[in-house]
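Here the structure is laid out as structure tokens; the discussion comes afterwards.
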Protein chains: 2
Amino acid sequence: MSERILEFLRRREANGASDGPCVVVDLDIVRDNYETFAKALPDTSVYYAVKANPDPEILNLLANLGSSFDCASVGEIEMVLATGAKATRISYGNTIKKERDIARAYQLGVRLFAVDCVEEVEKIARVAAGSKVFCRVLCDGLGAEWPLSRKFGCDPAMAPDVLEHAHRNGLETYGVSFHVGSQQANLSAWDLALSMAAGVFQEMALRGIELKMVNMGGGFPARYLKEVPGVPSYGEAIFSALTKHFGNRLPSTIIEPGRGMVGNAGMIEAEVVLISRKSADDELRWVYLDIGMFNGLAETLGEAIRYPISTQHDGGNTAPCVLAGPTCDSVDVLYEKTPYELPVSLSIGDKVLIDACGAYTTTYSTVGFNGFAPLESHVI
Amino acid sequence: MSERILEFLRRREANGASDGPCVVVDLDIVRDNYETFAKALPDTSVYYAVKANPDPEILNLLANLGSSFDCASVGEIEMVLATGAKATRISYGNTIKKERDIARAYQLGVRLFAVDCVEEVEKIARVAAGSKVFCRVLCDGLGAEWPLSRKFGCDPAMAPDVLEHAHRNGLETYGVSFHVGSQQANLSAWDLALSMAAGVFQEMALRGIELKMVNMGGGFPARYLKEVPGVPSYGEAIFSALTKHFGNRLPSTIIEPGRGMVGNAGMIEAEVVLISRKSADDELRWVYLDIGMFNGLAETLGEAIRYPISTQHDGGNTAPCVLAGPTCDSVDVLYEKTPYELPVSLSIGDKVLIDACGAYTTTYSTVGFNGFAPLESHVI
């Protein structure tokens with residue numbers, strides 16, 4: 001827990017400015033995370049996944065540290081360029097792009113694009129001639145907290161046809177990408193994916209086309225309630241899989257940490273709005289916070305992420321609670337199937353601290369569902 | 001399909017302003033819906049559920065038509081007051097309220113509050129002395145597209161204790177509320193709920209406290225792909241259940257239509273960004289739109305709502321598609337378990353029209369996930 005964040009929150013409270021929930025991100029932790037990635041994989045380029053948290057101060061810090069950026073849209077590309085970083089440090093990593101957005105990105109200087117089908121290759125060939133493309137391949141995501149759907153990537157067997165199509169249309173067939181699934185705790189997932197990537201390199205070589213780069217995506221976990229392997233373990237596992245599958249001819253490599261870069265750097269302060277029971281003999285308390293699915297904690301959907309929550313009563317007796325958000329929407333329940341243990345002495349009006357909230361909180365917030373403001377954000 | 005909306009979209013296109021998706025709401029349809037509710041239940045007050053769509057023009061229209069308003073927050077109360085409507089036409093219907101928000105609402109003139117536990121009663125007694133309260137009771141939601149969770153309301157057996165507590169604390173014990181579940185197509189759901197409400201009235205009478213009002217909530221469906229009963233059928237079923245359970249001493253009644261008031265009044269225009277297959281022999285096409293879970297279509301979560309979609313190719317052969325949104329988020333898939341039939345000749349760049357999008361689209365939109373703007377909204 002960041003002492004700087006706690007101090008910020010104390011000052012906010014003292015200033016009487018603590019009416020709604022807020023997230024506070026500690027840039028020192030982001031810097032540490034960047035350096036840890038850079039050290040664990042010294043020959044790999046770090047492309048920060050902007051969608052995890054596009055706060056300008058985070059982007060500025062990472063730009064200064066030398067990071068590159070994975071962008072999902074022209075909007076995100078413009079945010080990165082606003083830091084002064086050159087467009088050559090940007091990958092337009094969304095496989096789903098309007099042709100006119102590709103054209104805009106190209107005008108802004110972007111020359112690296114993701115594809116997963118010939119239709120996307122043709123758009124890029126038409127409006128971003130000569131650019132580098134990499135083909136995203138499907139990956140089964142075994143061991144990830146969220147095995148990704150089949151939304152992104154093509155079957156590995158189709159990737160060479162997509163890349164050859166790019167080559168014939170005047171694009172630079174740069175490489176292959178995959179994503180092992182978000183919050184991936186299984187280190188061997190990268191081994192499997194890199195073996196598949198090496199297969200595409202070999203098939204392309206047979207077709208006389210040399211690939212140069214493997215984009216190993218994200219998936220690096222943040223620590224929530226469960227322990228996860230540290231970044232150095234990932235680095236070792238990945239380096240060993242790379243040499244296993246590519247031998248002495250190691251490709252250029254990219255990683256795209258988002259959650260792994262900022263997840264543990266942020267903390268949300270929220271308030272207990274109500275504690276009640278549904279009947280006189282109800283064993284569960286319902287604890288309602290002023291934050292929920294629609295103003296910051298969207299990733300509790302399906303109870304996927306269990307955030308660490310601390311209160312001023314920690315250490316005393318606890319009892320299970322259903323934890324819910326403040327809106328008039330019955331979907332806005334954070335933990336119900338697996339109730340959350342909270343102190344028996346927790347009271348209405350108490351503040352609670354929700355840790356590891358630096359990624360995927362602010363931008364998932366709705367514009368104002370139920371008339372509640374989007375999540376207030378501070379970067380310190 | 002509203003000819004006025006189609007004409008608006010043609011002009012938008014002609015003006016070259018159609019780069020992103022938008023929703024267009026036809027106020028004539030909202031007016032018709034209000035009048036249909038007022039006619040179907042002439043002795044019932046209509047409290048529009050502001051959260052369904054808080055657009056100022058919709059609120060102005062409904063205020064002029066004589067509607068009252070169900071608000072979830074002080075933010076929504078302020079939006080209603082901005083129309084010029086008096087605070088006496090507002091119900092603060094959220095059972096989860098900060099004490100200082102109750103105080104603000106009271107200062108703004110609101111005198112009608114929902115509760116479902118003694119803890120909430122005590123807040124209201126402290127800062128909104130003498131106000132009317134109604135107690136929300138749990139309802140099983142059988143037959144609803146979304147049976148609500150147990151988040152709102154207490155066990156019917158506990159309601160008299162909550163109401164008696166209000167009475168003893170100087171509040172006016174006004175009545176009972178329930179919600180039969182969203183998009184409720186089972187007319188007998190109201191019968192069951194009203195029988196329960198009548199039971200609470202009787203128990204309170206035994207305790208010497210007279211209740212006066214039943215808030216029958218929302219749940220009135222919009223027509224998506226499936227047929228639903230018309231509002232007059234609901235009116236008849238509700239009136240008949242009221243007389244069955246309350247005899248000649250009918251209480252005052254409230255309904256809170258949101259989806260039923262604006263759902264069918266809006267249409268989204270979106271664009272096909274990409275159509276692809278995942279492998280050479282894939283039978284399914286993946287169709288990616290520029291709208292998805294995070295910029296307007298959050299209610300496709302769990303594939304709950306199947307919106308009617310029309311294209312310029314309708315009438316020709318169709319084939320099943322997975323339909324997905326434009327973000328780099330694998331959750332952003334609209335229909336996959338049950339693929340959606342779309343024309344074989346549908347092409348990248350085509351516009352599609354998604355009907356019945358007037359409710360729960362604009363405000364569910366994120367502030368900018370993946371760098372995409374919130375849903376653009378027009379009310380005509």
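What to note about this one:
- Accessible-area ranking of A:47, A:288, largest first, probe 1.4 Å: A:47, A:288
- Length-normalised contact order for the stretch A:1-112 - Cα pairs under 8 Å, 6+ apart - percent: 19 percent
- With protein chains left intact and a 1.4 Å probe, residues in the protein assembly as shown average 36 Å² of accessible area per residue.
- Ordering of A:7-18, B:48-59, A:103-114 by packing is B:48-59, A:103-114, A:7-18, highest average first (other Cβ atoms within 10 Å, averaged per residue).
- Per-residue mean of foreign Cβ neighbours for A:202-215 is 0 (Cβ atoms of other chains, 10 Å radius).
- Per-residue accessible area (protein heavy atoms, 1.4 Å probe) orders A:267, A:1 as A:1, A:267, starting from the largest.
- Label-point spacing for residue B:341 across the identical copies (point 7 Å from Cα in the Cβ direction), in nm and ascending order: 5.3.
- For residues of B:91-103, the mean tally of beta carbons on other chains within 10 Å: 4
- Placing a label point 7 Å from the Cα of residue B:155 along the Cα-to-Cβ line, the residues of the stretch B:106-139 whose backbone N sits under 12 Å from it are B:138.
- Note on residue B:216: accessible area approximately 0 square angstrom, rounded to 10, probe 1.4 Å, nucleic acids and ligands left out.
- Sorted from shortest to longest, the distances between the residue A:155 label points of this copy and the other copies are 5.5 nm, with each point 7 Å from Cα along the line through the beta carbon.
- Residues with amide H under 5 Å from that of residue A:352, placed H, sequence gap 5 or more: A:270, A:271, A:272
- Other protein chain C-beta atoms within 10 Å of residue C-beta, averaged over A:322-334: 6.
- Residue-wise HN-Hα couplings along the stretch A:305-322, as the Karplus relation 6.51 cos²θ - 1.76 cosθ + 1.60 with θ = phi - 60° gives them from phi, are 9, 9, 6, x, 10, 10, 9, 6, 9, 4, x, x, 5, 10, 8, x, 10, 7 Hz; Gly and Pro carry x.
- For residue A:338, the accessible surface of its heavy atoms amounts to roughly 80 Å² (probe 1.4 Å, protein chains only, rounded to the nearest 10).
- Dipole of chain B [Lys/Arg +1, Asp/Glu -1 at C-beta], most positive-end residue of B:320, B:365, B:93: B:93
- Anisotropy class of the stretch B:27-262 from Cα gyration tensor, a/c 1.5 cut: oblate
- Overall, chain A carries a charge dipole of about 1180 debye about its Cα centre when +1 sits on the Cβ of Lys and Arg and -1 on the Cβ of Asp and Glu, all other atoms neutral.
- Dipole in debye (nearest 20) - the protein assembly as shown, about Cα centre, beta carbon charges: Lys, Arg +1; Asp, Glu -1: 600 debye
- Ligands, DNA and RNA excluded, the heavy atoms of residue B:167 present near 90 Å² of accessible surface to a 1.4 Å solvent probe.
- Given charges at Cβ of Lys, Arg, Asp, Glu: chain B dipole, positive-most of B:195, B:149, B:284: B:195
- By the Kirkwood approach, averaging reciprocal distances over each pair of separate Cα atoms, the protein assembly as shown gets a hydrodynamic radius of 27.5 Å.
- Between residue B:240 and residue B:281, the contour length at 0.36 nm per residue exceeds the alpha carbon distance by 9.0 nm.
- Proximal lysines to residue A:86, defined as alpha-carbon separation beneath 25 angstrom and excluding residues fewer than eight positions away on the same chain: A:39, A:51, A:97, A:98, A:123, A:132, A:212
- When both the stretch A:40-94 and the stretch B:99-129 are represented by their alpha-carbon centers, they are found 47 Å apart.
- Between B:235, B:41, B:102, the Cα set farthest toward the positive side of the dipole of the stretch B:27-262 (charges on each charged residue's Cβ, about the Cα centre) is that of B:102.
- Pseudo-label separations to other copies for residue A:223 - Cα-to-Cβ vector, 7 Å, nm: 5.8
- Accessible surface ranking for A:161, B:70, 1.4 angstrom probe, highest first: A:161, B:70.
- Look at the Cα gyration tensor of the stretch A:239-380: its axes a ≥ b ≥ c give a/c of at least 1.5 with a/b over b/c, and that counts as prolate.
- Percentage relative contact order, chain A, counting C-alpha pairs under 8 Å, at least six apart: 19 percent
- For the stretch A:28-125, the square roots of the Cα gyration tensor eigenvalues, ordered a ≥ b ≥ c, give a/c of at least 1.5 with a/b greater than b/c, which places it in the prolate category.
- Dipole check for the stretch B:106-192: with +1 at the C-beta of Lys and Arg, -1 at the C-beta of Asp and Glu, and the Cα centre as origin, the magnitude is about 320 Debye.
The values are calculated or read from the model by the stated rules, or taken from the named source; none is laboratory data. Keep in mind the model is a prediction, meaning the values are calculated, not measured. Virtual Cβ from ideal backbone geometry, glycine too; neighbours counted across all protein chains shown. Just so you know, the surface numbers come from the protein's heavy atoms only, side chains and all, with ligands and any DNA or RNA stripped out. Shrake-Rupley method; radii C 1.70, N 1.55, O 1.52, S 1.80 Å.
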